[in-house]
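First up is the structure itself, then whatever we jot down about it.
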Amino acid sequence: MSVWAVLAAAGSGERLGADRPKAFVRLGEQPLLAESLARLDESNWIDAIVVAAPPGWEEPAILLAEELGCGKVSACVTGGATRADSVRLGVAEVPSDAAVVVVHDAARPLLDDSVVERVVSALAEGWDGAVPGLPVADTVKRVDGELIVETVPRDALRVVQTPQAFVADVLRSALTGSDWTDCSAAVEAAGGRVRVVDGDPRLLKVTDASDLERVAALL
Ligand code: C5P
């Protein structure tokens with residue numbers, strides 16, 4: 001069974017206010033991308049990796065993979081205008097005989113192999129996909145403008161993260177749909193059964209400068 005990872009790293013990261021795309025801002029001594037790339041490469045569960053790089057940053061991404069000795073990187077594609085486009089372009093490089101695709105965001109650098117294990121091994125139980133999720137700590141309201149219209153029972157809610165694992169053929173056919181914010185949503189919309197497994201609080205997503213500080217403190 002071959003497991004391919006698609007690392008979505010093509011975002012501009014405007015909210016970081018840096019002079020470069022988010023994947024190339026500094027986290028410690030390295031570009032942010034280095035952490036998730038090295039961890040995927042070291043993973044016991046991943047056989048090969050496709051990186052979706054920001055337009056114009058393909059070469060630095062390839063050089064970084066070489067510097068880090070990431071021998072599993074098989075291709076580096078130019079990402080698209082949206083995350084969905086970048087994932088589609090990355091998945092297009094995954095060979096047709098791959099069994100599983102794991103999609104991960106470079107914006108979540110603190111990837112522990114136990115999370116990869118949880119999502120990939122769930123597929124052996126017959127699920128179409130598996131995603132890490134955390135319980136919701138805050139009370140959640142549905143609003144209409146400024147008016148609260150509902151207090152949503154939070155027991156049945158999860159905040160989901162990446163890496164997200166899918167049966168490769170299921171993901172490929174689901175990605176033809178549009179308007180989804182994570183791959184799971186695409187697979188759900190196509191009728192796939194996706195399991196939520198335990199997430200990891202350390203899998204923080206870097207969006208702004210304060211997130212970068214929090215992640216750097218956890219390195
Ligand atoms: O922008 P945001 O943080 O929500 O992006 C989540 C992930 O998707 C990031 O790792 C980012 O690099 C990636 N992305 C991408 N292509 C885009 C936009 C975002 O690969 N066009």
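Since every read-out is calculated from the coordinates, none of them should be taken as a lab result. These numbers come from a predicted model, not from an experiment. Please note: Cβ atoms are built from the backbone with ideal geometry, for glycine as well, and neighbour counts cover all protein chains shown.
A few comments on the model shown:
- Within straight-line cross-link reach of LYS72, lysines at Cα separation under 30 Å, skipping those fewer than 8 residues along the same chain: LYS22, LYS205
- Extents of segment 78-129, largest first, come to 34, 29, 15 Å (Cα atoms, principal axes, whole angstrom).
- If R0 equals 45 Å, the separation of the Cβ atoms of LEU63 and ALA124 corresponds to a calculated FRET efficiency of about 0.80.
- Label-point gap, in nm, between ASP144 and ASP47 - each point 7 angstrom along Cα→Cβ: 5.2
- Cα-Cα pairs of the chain separated by more than 32 Å (percent): 15
- Cα-based radius of gyration of segment 4-113 once divided by 2.2 N^0.38 Å, which approximates compact folds: 0.96
- In Å, descending, principal axis extents of the Cα set of segment 86-214: 50, 35, 28
- Modelled FRET efficiency - R0 25 Å, SER12 with LEU219, Cβ distances, 0.05 increments: 0.60
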